[in-house]
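Report on the following structure.
The values are calculated or read from the model by the stated rules, or taken from the named source; none is laboratory data. Keep in mind it's a predicted model, so treat the numbers as computed, not measured. Because the Cβ atoms are built from the backbone with ideal geometry, glycine has one as well, and the counts that use them run over all protein chains shown.
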Amino acid sequence: MNTKVTWVGLILLVLIGAVIAMAFYFPKTESYRGTLYDPPLSAPEIELTQGDGSRYRLSKNRGDIVLLFFGYTSCPDVCPTTLSDLKRVMEELGANAERVQVIFVTVDPERDTPQKLQEYVSIFNPSFIGLSGSMQELEKVWGNYGVYREEAQFPNSATGYLVNHSARLYVIDQDGNLRLSYSFGTPIDDIVHDLKMLFK
Amino acid sequence: MSRVHKFVFFAVFALVLVACSTGGSGEFQVNDVWARPGLVGGNAAVFFVINNPGPDDMLLSVSSEIASAVEMHMTIMQDDNMQMVPQVNVPVPIGETIFEPGGLHVMLIGLKNDLKPGDTFTVTLNFEKAGDRLLNVTVREP
């Protein structure tokens, strides 16, 4: 009886030891904190006008990580909050920030010229690019990225109209794939964590 | 002290404690006042924290010389979509009312000057009971 108990105890000990050893030997795989596109989707091309009047193509940024956000310069809250977060993300990335391009596409082409957009995003970081275009060009981009955008009229407000819009931040990886997205207010640390994983 | 007296004494003491812990304490204050940078002709937002020791109040209007128009707005997030809704007035119950990014904010429409980090300007809040409060706003780094 006693021998049997001893054997069972020994086997249990060996099993527990093996589990602990495996946990140390095979480190836990890290996972992304944003919403992962699995499998990644090929990011639709974006071709719009930038502040100096030249044309921007998303495919030109192949090899870099692109952080893509849709907003407008008259938006005083969610858009500057996101741009401010992205400024801090770039600071946290240090030298790796050179391999990241922030793109801000307008949802309000009537008021946002490419020049005005560029001036606005440069307040946050001169490397950020603001893009606008014709309604037809923009509708194609909004549609390709599933961006909701609707003008809301407020006759009693001096704003004239406000634009309700999607507030997600998209990450396009070095291979041109739509890889991750984040909801508004995602902690900066989570975004930095995921970008560092993409750099590996 | 009779039993009834003791009961009344402790009941009053307990009520005072409850009043002190649930109601705001001190005087009516507006703190942590700041704004983001903005460009002339554009918009910006002002954020702050109101501490109201009581009674319940109401923010009726806002004004400033820094912009063509000044309004109270609320950002509402619904299924990842952002919408801003102008507010006619904002209830200010006892305790803290926070104007913060992604929520309530004072919207400056049509800035008369660029707002750069370190710049200061004033905004007046008009409360139903607390009256006018002049805020010194500092523009923070973006």
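Could you list all residues from segment A:149-174 that are within 11 Å of another protein chain (Cβ to nearest Cβ), crowded, with 18+ Cβ neighbours inside 10 Å, assigned to a loop (DSSP other than H, G, I, E, B) and not β-branched (Val, Ile, Thr)?
Scanning segment A:149-174 gives A:Ser157, A:Ala167, A:Arg168.
Could you check segment A:112-130 and list, in sequence order, the residues that are buried (at least 18 other Cβ atoms within 10 Å of the Cβ) and either of a type in the set (Ser, Thr, Tyr) or in contact with a Gly (Cβ under 9 Å, 6 or more places away or on another chain) (or both)?
A:Asp112, A:Pro114, A:Lys116, A:Leu117, A:Gln118, A:Tyr120, A:Val121, A:Ile123, A:Ile129, A:Gly130
Filter segment B:112-132 down to the residues that are at pLDDT 95 or above and either under 28 Å from A:Gly146 (Cα atoms) or crowded, with 20+ Cβ neighbours inside 10 Å (or both) and list them by number.
If the condition is that a residue be at pLDDT 95 or above and either under 28 Å from A:Gly146 (Cα atoms) or crowded, with 20+ Cβ neighbours inside 10 Å (or both), then B:Phe121, B:Val123, B:Leu125, B:Phe127 are the ones that fit.
Rundown of residues vs (1) more than 14 Å from chain A (Cβ to nearest Cβ); (2) farther than 26 Å from A:Asp85 by Cβ, yes/no style:
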residue	(1), (2)
B:Val70	no, no
B:Met77	no, no
B:Val88	no, yes
B:Pro91	yes, yes
B:Leu115	no, no
B:Ala130	yes, yes
B:Leu135	yes, no
B:Pro142	no, no
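Considering only segment A:163-183, I want to know if a residue exists there that is over 28 Å from A:Asn96 (Cβ atoms), touching an Asp or Glu at 6+ places or on another chain (Cβ under 9 Å) and in contact (Cβ under 8 Å) with a residue 40 or more places away in the chain.
Looking for residues that are over 28 Å from A:Asn96 (Cβ atoms), touching an Asp or Glu at 6+ places or on another chain (Cβ under 9 Å) and in contact (Cβ under 8 Å) with a residue 40 or more places away in the chain, one finds at least one in segment A:163-183, hence yes.
Looking at segment A:95-102, is at least one residue surrounded by fewer than 21 Cβ atoms within 10 Å (Cβ to Cβ), modelled with pLDDT of 75 or more and more than 23 Å from A:Val192 (Cα to Cα)?
Looking through segment A:95-102, none of the residues is surrounded by fewer than 21 Cβ atoms within 10 Å (Cβ to Cβ), modelled with pLDDT of 75 or more and more than 23 Å from A:Val192 (Cα to Cα).
Name the single residue that is farthest from the other protein chains (Cβ to nearest Cβ) among those in segment A:31-84 being of a type in the set (Phe, Trp, Tyr) and surrounded by fewer than 23 Cβ atoms within 10 Å (Cβ to Cβ).
Among residues in segment A:31-84 that are of a type in the set (Phe, Trp, Tyr) and surrounded by fewer than 23 Cβ atoms within 10 Å (Cβ to Cβ), the one farthest from the other protein chains (Cβ to nearest Cβ) is A:Tyr56.
Does A:Glu91 satisfy the criteria of being within 13 Å of chain B (Cβ to nearest Cβ) and either crowded, with 16+ Cβ neighbours inside 10 Å or in a strand (DSSP E or B) (or both)?
no
Regarding A:Asn2, is this residue out of contact with any Cys (no Cβ under 9 Å at 6 or more places or on another chain) and either surrounded by 15 or more Cβ atoms within 10 Å (Cβ to Cβ) or modelled with pLDDT of 95 or more (or both)?
no
Count, please, the residues in segment A:123-142 that happen to be within 14 Å of chain B (Cβ to nearest Cβ), without any contact (Cβ under 8 Å) to a residue 60 or more places away in the chain and part of a helix (DSSP H, G or I).
Looking only at that region, the number is 2.
Only one of these is in a loop (DSSP other than H, G, I, E, B) and either within 26 Å of B:Ser68 (Cα to Cα) or in contact with a helix residue (DSSP H, G or I) (Cβ under 9 Å, 6 or more places away or on another chain) (or both): A:Cys75, A:Cys79. Name it.
Criteria check complete, one pass: A:Cys75.
Restricted to segment B:29-68, and to residues that are under 20 Å from B:Val88 (Cβ atoms) and among the small types (Gly, Ala, Ser), which residue is nearest to the other protein chains (Cβ to nearest Cβ)?
The qualifying residue nearest to the other protein chains (Cβ to nearest Cβ) is B:Ala45.
Can you work out which of the residues in segment B:93-112 that are within 14 Å of chain A (Cβ to nearest Cβ) and in contact (Cβ under 8 Å) with a residue 60 or more places away in the chain is farthest from A:Ala152 (Cα to Cα)?
Top of the filtered list is B:Lys112.
Among the numbered criteria (1) touching a residue at least 60 places away in the same chain (Cβ under 8 Å); (2) outside any strand (DSSP E or B), which single criterion is violated by B:Glu65?
All conditions are met except number (1).
Taking segment A:94-117 as the region of interest, how many residues are assigned to a helix (DSSP H, G or I) and within 12 Å of another protein chain (Cβ to nearest Cβ)?
Within segment A:94-117, residues that are assigned to a helix (DSSP H, G or I) and within 12 Å of another protein chain (Cβ to nearest Cβ) number 3.
From (1) under 29 Å from A:Phe184 (Cα atoms); (2) polar (S, T, N, Q); (3) in contact (Cβ under 8 Å) with a residue 60 or more places away in the chain, pick out the condition that doesn't hold for B:Thr120.
Evaluating B:Thr120 over (1) under 29 Å from A:Phe184 (Cα atoms); (2) polar (S, T, N, Q); (3) in contact (Cβ under 8 Å) with a residue 60 or more places away in the chain leaves (3) as the failure.
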